[in-house]
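Engineer: Here it is: the structure, laid out below.
Where a number appears in this text, it was derived from the coordinates with a stated rule and is not lab data. Note that this is a predicted model, so its numbers are computed, not measured. Don't worry about glycine lacking a Cβ; one is built from the backbone with ideal geometry, like all the others, and counts go over all protein chains shown.
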Amino acid sequence: MTVTSMNPQALSELCSQGRKIDLIDVRTPVEYGEVHVEFARNIPLDQLDPAAVMQAQTASTEEPLYVVCRSGGRGRQACEKFFEAGYTNVVNIEGGTLACIEAGLPVVRGRKAISLERQVRIAAGSLVLLGAVLGWLVHPAFFGLSAFVGAGLIFAGITDTCGMGLLLARMPWNQCKPDSTNCCPR
């Protein structure tokens, strides 16, 4: 089944018509706290339970559930999770939060954070460099670290699933403290 998508301008039109929109943002709590669409609620992709979300749906069950992330990739993965669980009335917002900002949807801004995509690039690049330096200076077996990371990036590109991203999403710096004013409750 293909993921249904909608551009942010169409979402904005629905809002201006007074329609009740149920929008979930599947980014990490810290990314969500940095900037999010005003009426979105945060349910991180790594904690997404489609059945629980559908039971707690705030709009009419005939209305679609809209999904947004930063740029569209994690939103598409979330929609696929819903489809696998038997829920097909789910729509991915094309271009994610970045496109919603450009479309003029109301957003809430908090403290600046490093996006998960940037964190993956930083971690992968650091591991490749570390493997190359250790392989050159210590022992050639360390080149295997660079090869392992490279293979992981190829796998992530082919499957559109990033294990390093899922791991980084669970790190403490990507979570909100319960008393934090920069992160909204899920």
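Engineer: To check you understand DSSP bridge types, tell me what percent of the beta bridges within segment 4-109 (both residues inside) are antiparallel, rounded to 5.
Structural biologist: Expressed as a percentage, antiparallel bridges in segment 4-109 total about 20.
Engineer: Residue 69: net charge of surrounding residues, Cβ under 9 Å, Lys/Arg +1, Asp/Glu -1, itself excluded? Can you show the working numbers first?
Structural biologist: Details: positive: 27, 70, 74, 76; negative: 25, 31.
Once positives and negatives cancel, what remains is +2.
Engineer: Take the alpha-carbon positions of segment 116-174, form their convex hull, and give its projected area averaged over all directions (one quarter of the hull surface) in nm².
Structural biologist: The directionally averaged projection comes out at 4.1 nm².
Engineer: Highest mean first, what order results for 163-170, 150-157 on Cβ atoms within 10 Å?
Structural biologist: Taking the mean over residues of other Cβ atoms within 10 Å, the ranking is 163-170, 150-157.
Engineer: Which residue, chosen from 162, 131, 152, occupies the Cα position most advanced towards the positive end of the dipole of the chain, where the dipole is computed from +1 (Lys, Arg) and -1 (Asp, Glu) charges on Cβ about the Cα centre?
Structural biologist: It is 131, whose Cα lies furthest towards the positive end.
Engineer: Taking only the alpha carbons of the chain, what extent do you get along each of the three principal axes, in Å, biggest first?
Structural biologist: Dimensions of the chain along the principal axes of its Cα atoms: 64, 38, 29 Å.
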